[in-house]
Amino acid sequence: MKPARVVICCGSGGVGKTTTSAALAIRFARSGKRVAVLTIDPARRLADSLSVGEIGNTAFPVPLPDLPPGASLHAMMLDSKRTFDDVVARFSGSPDARDRILRNHYYRFVSTRLAGAHEYMAMEKLFELSTSGDYDVVVLDTPPSRHALDFLSAPEKMANLMDEGVMRWLVLPASRGGWRMIEKGSEIMAKVLKSMLGDRTITDIAEFFSAFQSLWEGFRQRSLDVRELLRAPETRYLLVTTPAPGARAEALHFLDVLQRSRMPFGGFLINRCAVAPVHVGPPGFGPRPDDVPEAEWAALVRALAEVPERRRRLVAAQDHAIAELRAHAPGAAPIWRIPELDEEVHDLAGLARVSVHLPDPDALLATSV
């Protein structure tokens, strides 16, 4: 079974990344592919833009008209806790082991509040979708944050946590002094933990890691598989940005992270680009209306006559900004410009208008620098 191609859209807040991710998914679907678009951003922007109402941890079909035979589009929003529960169920050796973990007080803390758990579960869900056999392409919409690429290190951190030496220490039974030693040796630590989790803190933690022992190898191997997926030559990272200075700076930050992590960069999607005026020469005006004073009419004519030149200057400035991005990009990184539309994009029709300006799916998947 051939795994799905993965396209990961990164970018700072306010650049239209979720809209672009959804439009890109539509572009893939209309090219005849089975597509899933997944967001790990807890906001409802993806569901709103696709006009599908509530979406959650299971794939929801998007009613996209006029798709080629065999093509489809599904949307999903990560539920980190449910994904963690599903992973525990998958790797548990028995129903009893599964239930021991899911009922454990400390597990409920780990699955919702452990640093990095959300990012790792996002990668787990991405891997699940890409290997399910249900899709040809999976588009991932990342959170609008400077730390949106934290998920790149999540598989590595989970694999390190599942290291046999670390886990052997964590599962030392209470009779051998493991967690009781911590409790007796550090009253402050025990007090803090108990205030967070209750009086059974130490017992719950010991029981959790004891039950979790059976899941070591499954979690560790899956972490390595996810890490391989993120670095696979077939995966594509796209940076969504705008020509604005702040957005460009964030894009260059993301690009630096991708290069240091040796991730396959697919190019820039530059949103809200100004379009050069198409007419030549000064615009023509009819006669001045009788009810408009001559001075006001003259000022209006001058202002309108200056619009094309102002637009040309704006396009030139944006060209310079885009050239700066290109100069910092590795090799011949593709740059696709998405023009600024006259209307806000808030439904499938608007997304379809955006999608026609996005790269050809086959060309995008074939390009990596």
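Read-outs throughout are calculated quantities, based only on the coordinates presented, and are distinct from any laboratory measurement. None of the values given here were measured: they were computed from a predicted structure. Because the Cβ atoms are built from the backbone with ideal geometry, glycine has one as well, and the counts that use them run over all protein chains shown.
Sorted fewest first by neighbouring Cβ atoms within 10 angstrom, Glu343, Glu124, Glu207 come out as Glu343, Glu207, Glu124.
Between Arg312 and Arg288, the simple spin-label model (points 7 angstrom out along Cα→Cβ) gives 2.7 nm.
What is the packing order of peptides 56-66, 127-137, taking the mean over residues of other C-beta atoms within 10 Å and listing the highest first?
Highest to lowest by the protection proxy: 127-137, 56-66.
Ordering of 2-12, 332-342 by packing is 2-12, 332-342, highest average first (other Cβ atoms within 10 Å, averaged per residue).
Tell me, in nm to one decimal, what length is gained between His320 and His105 on full extension, where the rule is 0.36 nm per residue of separation less the Cα-Cα distance? Don't jump to the answer; show the numbers that get you there.
Working: separation 215, 0.36 × 215 = 77.40 nm, distance 5.62 nm.
Answer, rounded to one decimal: 71.8 nm.
Taking a ≥ b ≥ c as the square roots of the eigenvalues of the Cα gyration tensor, the stretch 309-369 is oblate, since a/c reaches 1.5 or more and a/b is not larger than b/c.
Sort the following peptides by mean Cβ neighbour count (other Cβ atoms within 10 Å, averaged over residues), highest first: 312-324, 292-304.
Working: 312-324: 14.2, 292-304: 10.8.
For the peptides 312-324, 292-304, the packing ranking is 312-324, 292-304.
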